[in-house]
Amino acid sequence: MSAAKTTSVSSFKIGPLVLRLHLVLVLLFLYVPIIVMAALSFNQSQLYELPFTFDLVWYKSLAGDSRLIDAGINSVVIAVINTVVATVLGTMAALAFARYQFRGKSLLQLLLFPPITIPWLVIGTAMLVFFFWTGIGRGLHAILLGHVALSLPYVIIVVGARLANFPRQMEEAAATLGATPWQTFWRVTAPILAPGVIAAALFAFAVSFDQFVISYFLAPPGVTTLPVAIYAAIRKGFTPEINAISTIIIVVSMGIMLITARFYRFGGER
Amino acid sequence: MSQVEIINAVKRYGELAALDHVSMTFKDGEFFGLLGPSGSGKTTMLRAIAGFVVLDEGEVRLDGKNIGATPVHQRNIGMVFQNYALFPHMTVAENVAFGLDVRRVSSSEQKQRVSEALSMVRLVGLEARKPKQLSGGQQQRVALARALVTRPRVLLLDEPLGALDKHLRQEMQIELKRIQRDVGITTIFVTHDQEEALTLSDRIAIFNAGKIVQAGSPGEVYARPTNRFAAGFLGEANFLSGKVGGVTNGWAQVALDSGAIASVEGQNLQIGQQALLAVRPERLAIHASSDTTAGNNRLAGTVGEVIFSGNSTSYRIHCGNQILSVFRQNDGQAILASGTPVNLTWEPDDAVLVAE
């Protein structure tokens, strides 16, 4: 951490202004569209006209839009259930990978990565066909199944990274001190693993909450999640109400990512 | 306080025998060092006593009772790990209290015993710190306090001082010895550092290739090694090979390969059999080559490398096709120059007959 700080400070000192300019441009590129969109959600004009007049009218109208609100509730409920299920199952799988030798283990580990790279459109189509064929059908239950399947590899990889650095001697020490395997797990293993598990849970939440394609394919008529509802609304006509709901989603998503970064530090030890 | 016995222990990893029919008794209250190169089986034996390794054959007995089937957490054995394995999410006091807490000792007694343990290792005042905020030496002390607070029957130390710098290591050696003596606990430790083994142990065992090649007090093993490995691993040794020429009253005359004759104490020797002698570098005396006194235990040679290290000097002396190492205190004698012809002599008692 401190090493990284020193490097960046010194590179700013030595490096040309171009470097800073580059950084500013990159950030602008990333954030200007988002900022414009968020700003327009507070603009009174329905046709996105300037001058900017601050008004919460679109947030008020959003509050009266039961379709978007229902979709929002669906999204949150699915995301929360998905987070719990995927985190528990994924953590258990990561523990199994880290702690046990079994047939086909390396093949299974290898197979974790393709789902992350396969386009969601393809996975979504596959799920739709499979669920139809097996009789699982469409609906919130199907969406949840799809989300769990999609989140699992992320959870396993994130928790697995934490487990890879896990000092087994801690558990051995606990055992010599008289702790049963159960006590050792809850009092030593789980607390040390916690930051990785929390980061994985936030990943799982984000994967589900931001999910459009899978939800779109698996939602029956009349049932939607927030991203699907937004898409449907946009097709009918763009209103600043969409800007308002999008702004809320961005605030929530960024909040989650910031918390994730706080726990996870992307692979590094805290 | 307890006695630990290892009886005919065998542990195989595939083709490799980490323990190859090893037996050893660790006496009550003894400070015992397991010494050997890495992969020689010493750590496997320690882990078998702790219960992390299940033996393929043989027994681990604690006070006469076979504990082979007892799980680790029921053995009541204290262990200090090489990297201490302190729990990073707990304070010093919580780390030390852990073993009491899982045994459901009342919190008032926990407090009392934790503070006793911390004062024993001289860490009072650091109760609220996290392990990361401690120096290596302090972490070592916490690990020791944590291992001893449950009043285990045996204390196991895995390379206890390996992670410390030299100065701290010497300080902790004295500390460890003091604490071990005060508590009176049977202590078994693993090390590859021979100085550490010699300093700390009441007895040592030297491991090689899954077997104990020699065990005894440090002085005994150093002075009377029984085999080539023990002689060469613990300290430095010069090896002289030859054939037994005659035996009288338990003393043999060995005709060395260089042509010289050496006397050595040895039982059951046959005339004509091969013999290997070990002589410590500090037991060889260097004389000027003009001194031509005849007699046994004498080799002519030439000074090769001279390694001056302040209070002492090490010489490599070329004797025929062999290079012998000689260690001399710098107590006023002139330092010899490379190329000087010399005679080496030793007392009959200084040579030890060792097995190949």
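Assorted remarks:
- Hits in the stretch B:33-66 - residues which are within 13 Å of another protein chain (Cβ to nearest Cβ) and of a type outside the set (D, E, K, R): B:THR43, B:LEU46, B:ILE49, B:ALA50, B:GLY51, B:PHE52, B:VAL53
- Pairs with Cβ under 8 Å, 6+ apart, first in the stretch A:68-82 and in the same structural domain as A:ALA200 (by TED's automatic domain parsing), second of a type in the set (D, E, K, R) and in a helix (DSSP H, G or I): A:LEU68/A:GLU241
- The set of residues in the stretch A:202-240 that are part of a helix (DSSP H, G or I) and without any contact (Cβ under 8 Å) to a residue 40 or more places away in the chain comprises A:TYR231, A:ALA232, A:ILE234, A:ARG235, A:LYS236.
- So B:ILE77, is it more than 8 Å from chain A (Cβ to nearest Cβ), closer than 25 Å to B:GLY29 by Cα and of a type in the set (A, V, I, L, M, F, W, C): no
- Looking across the stretch A:128-163 at every residue that is over 20 Å from the mean Cα position of the chain (by Cα) and in a helix (DSSP H, G or I), the one that is nearest to the other protein chains (Cβ to nearest Cβ) is identified as A:LEU163.
- Residue count for the stretch A:164-180, restricted to those that are more than 8 Å from every other protein chain (Cβ to nearest Cβ) and modelled with pLDDT of 90 or more: 1
- Counted as qualifying within the stretch B:167-261 are the helices (runs of 4 or more DSSP H) with 3 or more residues that are surrounded by fewer than 20 Cβ atoms within 10 Å (Cβ to Cβ), namely B:194-200, B:218-223.
- Among the residues of the stretch B:145-170, just one is more than 17 Å from B:GLN82 (Cα to Cα) and either more than 14 Å from chain A (Cβ to nearest Cβ) or aromatic (Phe, Trp, Tyr) (or both), namely B:HIS167.
- Selection of the stretch A:189-215 for residues being small (Gly, Ala, Ser) and over 15 Å from A:VAL148 (Cβ atoms) yields A:ALA190, A:ALA194, A:GLY196, A:ALA199.
- Among residues of the stretch A:73-103, those that are surrounded by 20 or more Cβ atoms within 10 Å (Cβ to Cβ) and either acidic (Asp, Glu) or under 22 Å from A:SER246 (Cα atoms) (or both), counted: 6
- Among (1) out of contact with any Phe, Trp or Tyr (no Cβ under 7 Å at 6 or more places or on another chain); (2) closer than 30 Å to A:LEU121 by Cα; (3) buried (at least 20 other Cβ atoms within 10 Å of the Cβ) - the single one A:GLY160 does not satisfy: (1)
The values are calculated or read from the model by the stated rules, or taken from the named source; none is laboratory data. Computed from a predicted model, the values in this text were never measured in an experiment. All Cβ positions, glycine included, derive from the backbone under ideal geometry; neighbour counts span all protein chains shown.
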